[in-house]
Amino acid sequence: MNRVIACMLVLTMIVCNVGLASAEAAIYPEIPTVGKVDQSNEKVIVIATANGNVEEALQQVNLAFPSSKVRKTFKRALNGFSIELLESEVDMLRELQGIERVDQVVDYKANLDSSVPFIGADEIRGKLDNNGEHLTGKGIKVAVIDTGIDYKHPDLEANYKGGYDVVDYDHDPMETVASQGPPTLHGTHVAGIIAANGQVKGVAPEADIYAYRALGPGGQGTTEQVIEAIEKAIEDEVDVLNLSLGNTVNGPDWPTSIALDKAVEEGIVAVTSNGNSGPNMWTVGSPGTSTKAISVGASAPPIKTPYVTIAGLDKEISLYPIGGTLPWALKRDFELVDVGYGLKEEWEEVDVNGKIALIERGMIPFSEKARYALDNGAKAVLIYNNLPGSFVGAVEQGMKIPVVAISKEDGDWLLEQLEESKESQYARTIYRNEEDFIAPFSSRGPVTQTWEVKPDLVAPGVSIDSTVPKGYLGLNGTSMSAPHVAGAAALVKQAHPDWTPEQIKAALMNTAKKLINEDGEPYYPYEQGAGRLQVNRAIDAKTLVYPGALTFGKWSKDDPREKRKVTFTIENHDNHTRTFHVKPPFELPDGLQWDVPFSTEIKAGEKKEVTVELDLFPAVLAEGIHHGDIVVEGGKDPISIPYVFFIEEPNYPRAMAFNFGHGDRPGEYRYEMYLPGGAEEMGIALYDPDTFQFVKFLDVKEDVGRGMVGKEWDDLDLPDGTYKALIFAKKDGKEDTIETNITIGALLPEGKKDED
């Protein structure tokens, strides 16, 4: 159950990467560095830790495995050695009396080496700014509002220039360490993507990093803390601000979204993650709903993507890595075993040694599922969602076992194969080289009420390896996408120091690459925005068009014919006059016409406003979302401006962000929920979780306005226990529900959180 902040109606903000509530620091050798496991032949390299004298342990090994090869012996950093031997001998090595533990060696290759060149950052290293400096972000101040950073990390130490800790109220924004509570690593990972300058090279490796710790132990913080951190960054006059965090409120007027708008008005380029609640529409959350900030979704850099299937069948299942675990690198078939929820007692009922464990999400944290799997000798773990769709997640501590997430639908299909077959089923891994697909977890738009296109663009956010405290680690999420754009903004700012945040945003959006889905069709604007980041083209942009995306709002079917106008600006940064043509979509449905100027001539260094008029007869058009691109030609390359409009009330969720918990004093309870469009009727109905018998209405309200709604009780007059809660909201003929369990009479144990 999510923590509810008492006294003020604010939502808990969480780091928006991989469903990460907290994660332990990557400390060598307990957590491996990132990379791919090399299993190209039958031999493997492992690290063996001795429980006594290393030389005596080596004598045992030489006698037991005469064909093995000891590679290195460690006596200071580790009491052990590395050894190359047959994979079939690894379990026998663990059984030797002188061996305490055996861990797999993982080869390191930072994926920033793929994602940074992929967005064009390496192509501009040879270019110079107005001061004759190479474009590396030098002199640009980038704020990282997050969990703090490990400013002592060798890849970040030179870039770190200061900041503030709004959690502990001091000038030491170090990541949370274990002595303070659940440790964190998220901010360090984000900072590395922006400006690491060591073993890993960030997008802007010489930018100045200012860290603002707004999220404390476990990666949690409040709206208040985030806004305070934004204020601190404004006071420090940073140039670029990155917020890889968020909540599930799809509303443009949420305080953090407004705060980012204010930061942009102060001259700061604000970049934020779009969220990890995809793939459905309307899943973008604040502050990704900010109008003026740059909201970033997640795409894939060039990666070798693993898929799992059942040997002999055609269906392929997408895998989503669980952060803090080994990469999936299986090279042969392994038997698949159903282990239920992966509870402690369930492992006693099945044999998973050397097999792949199939586990349902829920009941216990991912880290416990992974630990039980490791202890019971499982080769790898598939965790399938307990709700429709896919998800991403992370474990609290490093686990030396591959753990991945799959969708509920794929999990159900695997269970069906296990149940229907009388023989054992074997999972086979297939690898495909892929790039430029939108990650399923990436939140989609549009934004409620304003009906704006979000995300603004996408950037690499799949299998991104970066810095973490005392090491390196690969993570997934729009939290990894946003800092790619923040680093790119720093490069554009260095190249064009006089450009405003609006111009920098336009350059990044106007030059983005339109992505195509697996069916060969362009992704929708509310999935990819303007497209995938190409920073090299943004820096070279000679034409800017803004805003970079348009919305014409919504109509009802019974509305009369109406003309609506939108205005955007075209800037000519070339050294000669150019003539621009605005071209709306050529193929038009009945009931829709465009009126655009025939041509617009703009002199060098000047700009003009252009008006586009949409003439629309709603009764003729189909209900739902309509979208397309308006193309501006006349510059070096055509610029596509995505647009959307709606016929009838959009099909957004009528209720979201429900939280229930204890109040300020014993016996008190409270709830809060966000209604993006208000509600004609809303309520909370409680049921017995076993029999589904109705118990009572916890609350019922009518004619509720848009925004947060909540209530407090001194006494609920209910027996202690767990109840099934059905939260409903009705608006304009549509009703949405949220199902969840709530607990009366018991707090979560100290330090415990719901990670699954």
Q. When residues of the range 538-558 are filtered for being farther than 30 Å from A490 by Cβ and open to solvent by 50 Å² or more (accessible area, probe 1.4 Å), how many remain?
A. 3
Q. Has the range 425-435 got any residue that is more than 21 Å from S244 (Cα to Cα), open to solvent by less than 30 Å² (accessible area, probe 1.4 Å), of a type in the set (S, T, N, Q) and at pLDDT 85 or above?
A. yes
Q) Identify, please: which residue in the range 453-487 is among the small types (G, A, S) and modelled with pLDDT under 95 and is, among those, surrounded by the most Cβ atoms within 10 Å (Cβ to Cβ)? A) G461
Q. Has the range 122-132 got any residue that is touching a Gly at 6+ places or on another chain (Cβ under 8 Å), in contact (Cβ under 8 Å) with a residue 60 or more places away in the chain and either crowded, with 24+ Cβ neighbours inside 10 Å or closer than 29 Å to T511 by Cα (or both)?
A. no
(Q) Can you confirm whether L319 is touching a Pro at 6+ places or on another chain (Cβ under 8 Å) and not acidic (D, E)? (A) yes
Q: Identify, by number, the condition in (1) under 15 Å from V167 (Cα atoms); (2) in contact with a strand residue (DSSP E or B) (Cβ under 9 Å, 6 or more places away or on another chain); (3) modelled with pLDDT under 90 that I227 doesn't meet.
A: (2)
Q.
What's the number of the only condition in (1) open to solvent by less than 10 Å² (accessible area, probe 1.4 Å); (2) among the small types (G, A, S); (3) more than 15 Å from I145 (Cβ to Cβ) that A293 fails to meet?
A. (3)
Q | Residues of the range 212-225 satisfying the condition of being part of a helix (DSSP H, G or I) and within 30 Å of D129 (Cα to Cα) | A | none
Q. Would you say V447 is open to solvent by less than 10 Å² (accessible area, probe 1.4 Å), under 13 Å from N274 (Cα atoms) and over 15 Å from the mean Cα position of the chain (by Cα)?
A. yes
Q: Examine the range 512-521 for a residue that is touching a Ser or Thr at 6+ places or on another chain (Cβ under 8 Å) and among the charged types (D, E, K, R), and state whether such a residue exists.
A: yes
Q.
out of contact with any helix residue (DSSP H, G or I) (no Cβ under 8 Å at 6 or more places or on another chain), buried (at least 24 other Cβ atoms within 10 Å of the Cβ) and under 18 Å from G471 (Cα atoms): which single residue out of T184, T188 fits that description?
A. T188
Q. Restricted to the range 345-362, and to residues that are without any contact (Cβ under 8 Å) to a residue 12 or more places away in the chain and not in a loop (DSSP other than H, G, I, E, B), which residue is nearest to Y426 (Cα to Cα)?
A. E346
Q.
Considering only the range 434-453, I want to know if a residue exists there that is touching a strand residue (DSSP E or B) at 6+ places or on another chain (Cβ under 7 Å), part of a loop (DSSP other than H, G, I, E, B), of a type in the set (A, V, I, L, M) and farther than 22 Å from T309 by Cβ.
A. yes
Q: For the range 334-348, state whether one or more residues are open to solvent by less than 40 Å² (accessible area, probe 1.4 Å) and closer than 20 Å to N476 by Cα.
A: no
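Quick grid of which residues meet (1) of a type in the set (S, T, Y); (2) crowded, with 24+ Cβ neighbours inside 10 Å; (3) not in a loop (DSSP other than H, G, I, E, B):
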| residue | (1), (2), (3) |
| --- | --- |
| P117 | no, no, yes |
| Y151 | yes, no, no |
| A158 | no, no, no |
| G162 | no, no, yes |
Q: Mind listing whichever residues of the range 645-673 are part of a loop (DSSP other than H, G, I, E, B), open to solvent by less than 30 Å² (accessible area, probe 1.4 Å) and more than 18 Å from K701 (Cα to Cα)?
A: P650, Y652, G663, E668
Q | Pick from the range 571-595, criterion of a type in the set (S, T, N, Q) and not in a loop (DSSP other than H, G, I, E, B), ranking: surrounded by the most Cβ atoms within 10 Å (Cβ to Cβ) | A | N572
Q.
Would you confirm whether or not the range 507-529 contains a residue that is buried (at least 21 other Cβ atoms within 10 Å of the Cβ), at pLDDT 95 or above and under 22 Å from A191 (Cα atoms)?
A. yes
Q | Within the range 693-714, considering residues that are touching a residue at least 24 places away in the same chain (Cβ under 8 Å) and hydrophobic (A, V, I, L, M, F, W, C), the one farthest from Q449 (Cα to Cα) | A | V695
Q. If you go through the range 169-179 one residue at a time, do you hit one that is in contact with a helix residue (DSSP H, G or I) (Cβ under 7 Å, 6 or more places away or on another chain), at pLDDT 90 or above and surrounded by fewer than 23 Cβ atoms within 10 Å (Cβ to Cβ)?
A. no
Q) Residues in the range 398-424 that are of a type outside the set (D, E), in a helix (DSSP H, G or I) and either buried (at least 24 other Cβ atoms within 10 Å of the Cβ) or more than 23 Å from the chain's Cα centre (by Cα) (or both): how many? A) 5
Q: Specify the residue that is nearest to the chain's Cα centre (by Cα); the eligible residues are those in the range 676-692 that are in contact (Cβ under 8 Å) with a residue 24 or more places away in the chain and assigned to a loop (DSSP other than H, G, I, E, B).
A: P676
Q: Any chance you could count how many residues in the range 194-211 are outside any loop (DSSP other than H, G, I, E, B) and open to solvent by 30 Å² or more (accessible area, probe 1.4 Å)?
A: 4
Q) Is it the case that some residue within the range 358-377 is of a type in the set (V, I, T), crowded, with 16+ Cβ neighbours inside 10 Å and more than 22 Å from N276 (Cβ to Cβ)? A) no
Q: For the range 701-727, enumerate the residues that are open to solvent by 10 Å² or more (accessible area, probe 1.4 Å), over 24 Å from P650 (Cα atoms) and either assigned to a strand (DSSP E or B) or touching a helix residue (DSSP H, G or I) at 6+ places or on another chain (Cβ under 9 Å) (or both).
A: G710, K711, E712, W713, G721, T722, Y723, K724
(Q) Are there strands (runs of 3 or more DSSP E) fully within the range 467-562 with at least 3 residues that are closer than 23 Å to P117 by Cα? List them. (A) 471-475
Q: Could you grab me the full set of residues in the range 619-644 that are farther than 22 Å from G553 by Cβ, in contact with a strand residue (DSSP E or B) (Cβ under 6 Å, 6 or more places away or on another chain) and part of a loop (DSSP other than H, G, I, E, B)?
A: G634, G635, P638
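The values are calculated or read from the model by the stated rules, or taken from the named source; none is laboratory data. Keep in mind that what you see is a predicted model, and the values were worked out from it rather than measured. Cβ atoms come from the backbone with ideal geometry, glycine included; neighbour counts cover every protein chain shown. Areas reflect the complete protein model, heavy atoms only, side chains present, ligands, DNA and RNA absent. Shrake-Rupley method; radii C 1.70, N 1.55, O 1.52, S 1.80 Å.
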